[in-house]
1. Can you name the residue in the stretch 84-115 that is among the polar types (S, T, N, Q) and over 15 Å from D178 (Cβ atoms) and is also surrounded by the most Cβ atoms within 10 Å (Cβ to Cβ) among such residues?
2. Residue by residue through the stretch 1-18, note down the ones that are part of a helix (DSSP H, G or I) and without any contact (Cβ under 8 Å) to a residue 60 or more places away in the chain.
3. Would you confirm, using the coordinates I've provided, whether K73 is outside any strand (DSSP E or B) and surrounded by fewer than 20 Cβ atoms within 10 Å (Cβ to Cβ)?
4. Report whether or not D14 is crowded, with 16+ Cβ neighbours inside 10 Å, of a type in the set (D, E), on the phi < 0 side of the Ramachandran plot and at pLDDT 95 or above.
5. Checking Y25 against (1) in a strand (DSSP E or B); (2) touching an Asp or Glu at 6+ places or on another chain (Cβ under 6 Å); (3) farther than 19 Å from V167 by Cβ, only one condition comes out false. Which one?
6. Does E138 meet the test of being in a helix (DSSP H, G or I) and surrounded by fewer than 16 Cβ atoms within 10 Å (Cβ to Cβ)?
7. Is there a residue being touching a residue at least 24 places away in the same chain (Cβ under 8 Å) and outside any helix (DSSP H, G or I) anywhere in the stretch 110-120?
Amino acid sequence: MATYELRAPLKDEDVMQLKVGDLVYLSGPCFTCRSKLQRYIFDEGHTLPFTPEEGSILIHNGPIVIKEDGKWKLMSFMPTSSLRFEKWGRSSIEQWNLKLICGKTTMGAETSKAMMEHKCVHVSPQSVSPFLWVDAIEIKGVDLFDEMGSIEAPWHFEMNKLGPFVVDMDCYGNNLFDTVTEQVEENRKKAYEKLGIPADFEYTRLYDE
């Protein structure tokens with residue numbers, strides 16, 4: 001496992017050095033995105049009101065932002081689950097020039113294929129730290145605020161060593177969560193054997209489906 005400090009916009013060589021399990025800190029510009037923006041662009045055919053840079057960083061996030069003395073102030077920041085955006089994973093990578101997606105959990109097989117084709121990775125936060133990271137983020141602007149509201153609108157941030165995040169999907173088709181699942185299953189089998197629990201044991205259901 002290695003630790004990297006990356007600055008956007010990212011290049012192919014930045015992404016290709018990353019392997020699952022590596023830690024990264026992020027600096028430079030990024031923008032946020034949730035389901036409403038992706039539905040608005042990819043499903044409804046609207047035009048994105050800004051042009052993402054080649055090598056962009058996307059964070060699946062709905063920040064808590066207030067206006068104080070005429071300026072935006074970030075109150076809370078925490079990436080949200082990326083897996084629920086799998087429907088738009090490939091489209092966002094291809095159309096938004098993405099090299100890195102940040103969000104909790106992971107993403108699916110089709111996004112993984114797109115990441116291999118276009119040299120992109122996915123990273124997850126190591127902890128739930130909504131108030132600890134705000135000092136590493138400067139708000140540069142927001143689009144579609146009236147149309148989508150504060151949570152769903154795409155915010156533009158400038159990051160200063162934001163992290164750490166762990167690489168859970170690299171551009172070689174590896175997924176850290178798959179490895180962890182395999183390890184958990186292997187440990188479960190060993191625990192069952194040690195405790196004398198039958199391999200086909202089923203947990204009691206409290207409620208009928």
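The values are calculated or read from the model by the stated rules, or taken from the named source; none is laboratory data. Keep in mind the model is a prediction, meaning the values are calculated, not measured. Heads up, the Cβs are rebuilt from the backbone with ideal geometry, glycines too, and the neighbour counts pull from every protein chain shown.
1. Restricting to residues being among the polar types (S, T, N, Q) and over 15 Å from D178 (Cβ atoms), the top hit is S92.
2. Correct list: E13 only.
3. Against the criterion (outside any strand (DSSP E or B) and surrounded by fewer than 20 Cβ atoms within 10 Å (Cβ to Cβ)), K73 does not qualify.
4. Yes; evaluated as a whole, the condition is true for this residue.
5. Answer for Y25: the failing condition is (3).
6. No; evaluated as a whole, the condition is false for this residue.
7. Yes: the stretch 110-120 contains one or more residues that are touching a residue at least 24 places away in the same chain (Cβ under 8 Å) and outside any helix (DSSP H, G or I).
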